[in-house]
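Undergrad: One structure, pasted below without further comment.
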Amino acid sequence: MSLVGESFLSSDQLTEKDIDQIFSRASLFKTEFEKKKRIDHLIKSEGLSHKVLALVFSEPSTRTRMSFQVAGARLGMRSVALDNPQNASISKGETLEDTFRNIAAMMPDIMVVRYNSNIDADATIKDLPCPIISGGIGSSEHPTQALLDAFTIKEFRGKVKGERVLIVGDVLHSRVANSNLILLRAMGAEVAYCAPAQFEPKNDAWKGVQSFTNLKEATEWATVLMALRVQKERHAGENVGFSMAEYRESFRIGGDQLQNFRSDGILLHPGPVIRGVEFSAFVLNDKRCKVLDQVTNGVFVRAALISIMLGLEVQHA
Amino acid sequence: MSLVGESFLSSDQLTEKDIDQIFSRASLFKTEFEKKKRIDHLIKSEGLSHKVLALVFSEPSTRTRMSFQVAGARLGMRSVALDNPQNASISKGETLEDTFRNIAAMMPDIMVVRYNSNIDADATIKDLPCPIISGGIGSSEHPTQALLDAFTIKEFRGKVKGERVLIVGDVLHSRVANSNLILLRAMGAEVAYCAPAQFEPKNDAWKGVQSFTNLKEATEWATVLMALRVQKERHAGENVGFSMAEYRESFRIGGDQLQNFRSDGILLHPGPVIRGVEFSAFVLNDKRCKVLDQVTNGVFVRAALISIMLGLEVQHA
Amino acid sequence: MSLVGESFLSSDQLTEKDIDQIFSRASLFKTEFEKKKRIDHLIKSEGLSHKVLALVFSEPSTRTRMSFQVAGARLGMRSVALDNPQNASISKGETLEDTFRNIAAMMPDIMVVRYNSNIDADATIKDLPCPIISGGIGSSEHPTQALLDAFTIKEFRGKVKGERVLIVGDVLHSRVANSNLILLRAMGAEVAYCAPAQFEPKNDAWKGVQSFTNLKEATEWATVLMALRVQKERHAGENVGFSMAEYRESFRIGGDQLQNFRSDGILLHPGPVIRGVEFSAFVLNDKRCKVLDQVTNGVFVRAALISIMLGLEVQHA
């Protein structure tokens, strides 16, 4: 299925051809931006200044919302954002799915949404009059994060196929981990995880995925170390059963782990990083740490995705 | 009085010629957008990308703020929004009217404001150095909502003149009802209301307006059913005197009322709809319910209004 | 040092040539805007619609954020704003300096920041991959405010050199006062202050600066009266030692002070003004009060600064 005019909600929608197209365009954008500080002239179009990207984020976001807005701006589009609808229409009694229906009725060219688990909203966004991009939905998926992660792996490791990607931490609550599992395996990578028992993933997709209990062994195995944020806001009502100090003791990636990690490996994290919990400050200064490269790549990957969904073609400069 | 360069604060400013111009332009925009997904090329101008729409909303808004921003973006303008100034300058001790004076001093091309009843602000916005559009002021008026409502009536009923519009619910606190009463009667419609005693309108404009106590009879009379949100945030200190369950019993429009309503009638609501209070979920799925069409039309009506206030002319494509 | 491609964090970075260039360009912009309601056509460039101004404000702002956004919009740029990151990434455990690093990694053309005193952030913003403009940092500096203040003095007093500028009020906590002291003295003005003992400035820059204890004498001395907001939010843990009523008694500028003030003098205030505390309502209506002119000038001064930092040249219309 082509992405043109469709919604993008899950990594599993992407064919090999889609991924190639997104990555090749993101790469063109990044290279051209480094040279000319702009990418809009690469789009075959009379200008996108009439195009509207709407963003409706009912969970906090810094990176993802800003990244979509910068991506849209670099293409020449305009963005309009509704943060925290719970402070406006939802506080007056509107449901989240009705908020989505209303913003979609304003006919934006694309609408990006983020929200916590909500089966009514899940059903609604499949049936709206404009294409939707998931900006992260509950604990299920965050597919543009997976795209930028895979793009970053390809950039620094040369390829995704055959890479050994270790996901460390709160896998259970991570939509990033779910989207990455699907995408990275489709691209031929091996995925494994290392998590405290309480954070082990439970859904079917993770059945049979290799897991490590010892971070040292896991680190020696991996070519890519992807740490996840401990998502305290999704632990409501759960007895996590260990302290942050115990978590750090076994799952924080610090100087010791770096010594066991291959010199040409890379470290990733979807952000925000909680310094001292998932990574030591030392790790963030290591040249193998590509956390800010992920952020830079996110803009170009999202610009590529948006332009493809809008059916736009590019020309080489 | 022409709208060019003037503020738009009340439905009663509109001459018949103004209304014709706004509706004809909104209709042109909507038709062209359906064909080409853009309207900016209809404006006779070298481009509006230097034009600035400022929005200062000191009450929560989803639909109205986003609709103005999308309308501005579709014309090619830029918008800058200040939501909840009470969290910024007002928390430091500035008055709302001084906030308006300050933003107006930045010389936006148009400033859209929303705020709760405030006589100092009412006086101030009449004397600012840029044109103002009311995005809803206290319980007094919300004139762009009335315009999009009338436009939607005309679209689906063919005309406004002679239509019988029933306004149901919390009329007392509704700026939408006030603006609609003025505009719809000026356009030749009959307006009536059906409200609990506690929500009956008290200001002079409503003297002599037909009212119904029985929703069944009222529904049989009407060609247009316009339900209003029960505005709990404006009931502070008032003893409403009945429960939401009692309200629903007598004033909720549900399947029963629909059976009494003419098959070619339409249902409207300014939003946000509180499902199960003003409308049953069943009503929202009825083909006569035009709530999302109102939202779509809002963008084109506001784009028409803004472009007229800016003195811009249009060309047919 | 040229401003092109550099960050702008302190008034003391500005050479006489820089100041001349900023003021001459701001003046060109203002004059042209008064004639044509636009300034973008003065920029020698194929258009700036692909340029991105990012704003990250972790302290409340009305004037400064909106002013930068309007300035960017008038130039034809797009802006993306992150207000209150403490509600998003920082609430999840990210440090403010990591938030800055992340937004900078999205490669905006310029990033404007505001935050409370934070030495880690101070160090970080000196080493980011995009130029930074201070939009006000803790109690240290707010250099674009000083620029617009000096521009306003020049506009209404004809020059800055030789002017006698009296700063009244909470000098101790004022980043505006610090930036103005540096800039105005560099431009040849005399600066003095009049403040309660508890609000006297303590840092080295203020050593030897003339001070008045009597507002009447001070007012007679001055050609420019600059009142400061009493910044209660920065008094945490301090025993200010007097009541607001006592403050008003001695330091509020009202009708009495105006009588002692020269008829061709001007009154300034960075805003928000707390009516009745720093100025009486009477003062705000005096024709010598240039508070809203400061706001208007702020847009043109910031547009000039941004365009110079981006290395853009202007042409006369």
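Only the coordinates and a few stated rules stand behind these numbers; no lab work does. Since this is a predicted model, take the numbers as computed values, not measurements. Note: ideal-geometry Cβ built from the backbone for every residue, glycine included; neighbour counts use all protein chains shown.
Undergrad: Using a simple spin-label model with points 7 Å from Cα along the Cα→Cβ vector, what separation in nm is obtained for C:Ser2 and B:Ser211?
TA: Taking the two extended label points, one gets 7.3 nm.
Undergrad: May I pose another question? Over all residues in C:291-299, what is the mean tally of Cβ atoms on other chains that come within 10 Å of each residue's Cβ? Mind dumping the intermediate values first?
TA: On the way: counts 4, 7, 1, 2, 7, 6, 1, 3, 5.
Partner-chain Cβ atoms within 10 Å, mean over residues of C:291-299: 4.
Undergrad: Would you be so kind as to identify all helices of chain C, as entire DSSP H runs, whose Cα atoms reach 20 Å or more along the helix's own axis and whose mean Kyte-Doolittle hydropathy is at least 1.0? Walk me through the numbers on the way to the answer.
TA: Details: long enough: C:16-36 (30 Å, -0.97); C:143-157 (21 Å, -0.04); C:291-309 (27 Å, 1.31).
Span-like helices in chain C: C:291-309.
Undergrad: If you don't mind, there's one more thing I want to ask. Within 10 Å, Cβ to Cβ, of C:Ala88, how many net charges do the neighbouring residues add up to if Lys/Arg are +1 and Asp/Glu are -1?
TA: Values: positive: A:Arg63, A:Arg65, C:Lys92; negative: A:Glu59, A:Asp83, C:Asp83, C:Glu94.
Net of charged neighbours comes to -1.
Undergrad: Can you list, shortest first and in nm, the gaps between the label point of B:His41 and those of its counterparts in the other copies, using a point 7 Å from Cα in the C-beta direction?
TA: 2.3, 2.3
Undergrad: Given a cut-off of under 8 Å on Cα pairs at least six residues apart, what relative contact order in percent is computed for region B:100-233?
TA: With pairs under 8 Å counted, the relative contact order is 23 percent.
Undergrad: Per-residue Cβ counts within 10 Å, from other chains only, averaged over A:91-99: what number is that? Provide the component values of the computation, followed by the final result.
TA: Working: counts 4, 11, 10, 8, 4, 0, 1, 9, 5.
Mean partner shielding for this stretch: 6.
Undergrad: Roughly how many whole Å is it from the C-alpha centroid of region A:196-267 to that of region B:280-317?
TA: Going from one Cα centre to the other spans 51 Å.
Undergrad: Taking each residue in B:75-86, count the Cβ atoms of any other chain within 10 Å of its Cβ, then average. What number comes out?
TA: Values: counts 1, 5, 3, 12, 4, 10, 5, 7, 6, 4, 4, 0.
What the average comes to for B:75-86 is 5.
Undergrad: So how long is each side of the protein assembly as shown along the principal axes, counting just the alpha-carbon atoms, biggest first, in Å?
TA: Per principal axis, max minus min of the Cα coordinates gives 84, 81, 55 Å.
Undergrad: Quick check: from the Cα gyration tensor, does region B:237-317 come out rounded (a/c under 1.5), prolate or oblate?
TA: Working: a/c = 3.88, a/b = 1.84, b/c = 2.11.
In terms of gyration-tensor shape, oblate.
Undergrad: Rounded to the nearest 500 deg cm²/dmol, what is the calculated helix-only ellipticity per residue at 222 nm for the protein assembly as shown, with -39500 (n - 2.57) per DSSP H run of length n ≥ 4?
TA: On the way: 33 runs with 366 residues, N = 951.
So the helix-based figure for the protein assembly as shown works out to -11500 deg cm²/dmol.
Undergrad: Sticking with the crude label model, points 7 Å out along Cα→Cβ, report the distance from C:Leu284 to A:Asn285 in nm, one decimal please.
TA: 5.0
Undergrad: If you don't mind, there's one more thing I want to ask. Could you tell me whether chain B comes out rounded, prolate or oblate from its Cα gyration tensor? Rule is a ≥ b ≥ c as square roots of the eigenvalues, rounded for a/c under 1.5, then prolate if a/b exceeds b/c, otherwise oblate.
TA: Numbers: a/c = 1.92, a/b = 1.29, b/c = 1.48.
Oblate, because a/c is 1.5 or more while a/b does not exceed b/c.
Undergrad: While we're on this one: Between C:Gly311 and the same site in the other copies, what are the distances in nm, shortest first, taking label points 7 Å from Cα along the C-beta direction?
TA: The answer, with the shortest distance listed first, is 3.9, 3.9 nm.
Undergrad: Could you point to the residue in C:Ala218, C:Val277, A:Met106 farthest towards the positive end of the protein assembly as shown's charge dipole, with +1 and -1 charges on the Cβ of Lys/Arg and Asp/Glu respectively?
TA: Result: A:Met106, furthest along the dipole toward the positive end.
Undergrad: For C:Lys44 and C:Asn116, what does the FRET efficiency come to when R0 = 45 Å and r is the distance between their Cβ atoms, rounded to the nearest 0.05? If you can, show how the numbers build up before the last one.
TA: On the way: r = 39 Å, r/R0 = 0.86.
Once rounded, the FRET efficiency stands at 0.70.
Undergrad: So what is the relative contact order of region C:143-295, in percent, for Cα pairs below 8 Å that sit 6 or more residues apart? Could the numbers behind the result be given before it?
TA: On the way: 261 pairs, mean separation 39.1, N = 153.
Contact order relative to length: 26 percent.
Undergrad: Let me ask another. Can you compute the charge dipole magnitude of chain B about its Cα centre, using +1 on each Lys and Arg Cβ and -1 on each Asp and Glu Cβ, nothing else charged? Give it in debye, rounded to the nearest 20.
TA: Details: 38 positive and 38 negative charges, 201 e Å.
With Lys and Arg at +1 and Asp and Glu at -1, about 960 debye.
Undergrad: Here's something else I'd like to know. Give the lysines whose C-alpha is closer than 19 Å to that of C:Lys202, dropping any in the same chain fewer than 8 places away, or say none.
TA: Hits, sequence-local ones excluded: C:Lys232.
Undergrad: Dipole size in debye (nearest 20) for the protein assembly as shown around its Cα centre, Lys and Arg Cβ +1, Asp and Glu Cβ -1? Kindly include the intermediate steps, with their values, before the conclusion.
TA: On the way: 114 positive and 114 negative charges, 349 e Å.
Roughly 1680 debye, rounded to the nearest 20.
Undergrad: Dipole size in debye (nearest 20) for region C:186-245 around its Cα centre, Lys and Arg Cβ +1, Asp and Glu Cβ -1?
TA: Working: 6 positive and 7 negative charges, 35 e Å.
Here region C:186-245 has a charge dipole of around 160 debye.
Undergrad: Show which aspartates and glutamates lie in cross-link reach of B:Lys30 when reach means a straight Cα distance below 13 angstrom and same-chain residues fewer than eight apart are skipped.
TA: Partners found: B:Asp40, B:Glu155, B:Asp293.
Undergrad: In terms of the Cα gyration tensor, with a ≥ b ≥ c the square roots of its eigenvalues, is region A:205-250 rounded because a/c is under 1.5, prolate because a/b exceeds b/c, or oblate?
TA: Values: a/c = 2.12, a/b = 1.52, b/c = 1.39.
Prolate is the answer for region A:205-250, as a/c is 1.5 or above and a/b outweighs b/c.
Undergrad: Per residue, how big is the convex hull of region A:143-295 when only Cα atoms are used? Give it in Å³. Let's see the in-between values first.
TA: Working: hull volume 15.6 nm³, N = 153.
Here the figure is 102 Å³ per residue.
Undergrad: To make sure I understand, if each residue's beta carbon is the centre and we count other beta carbons within 10 Å, what order do C:His50, B:His316 fall in, fewest to most? Display every interim value, and only then the final one.
TA: Working: C:His50 21, B:His316 6.
Lowest to highest Cβ neighbour count: B:His316, C:His50.
Undergrad: Using alpha carbon centroids, what distance separates region A:146-173 and region A:1-41, in Å?
TA: 18
Undergrad: Kindly put B:Val168, A:Val314 in sequence by how many other C-beta atoms sit within 10 Å of each C-beta, fewest to most. The partial results should precede the final answer.
TA: Details: B:Val168 28, A:Val314 19.
In order of increasing Cβ crowding within 10 Å: A:Val314, B:Val168.
Undergrad: Identify which of C:Ala281, C:Ala54, C:Ala304 has the largest mean-square fluctuation in a Gaussian network model of chain C, with springs joining Cα atoms closer than 10 Å.
TA: C:Ala281
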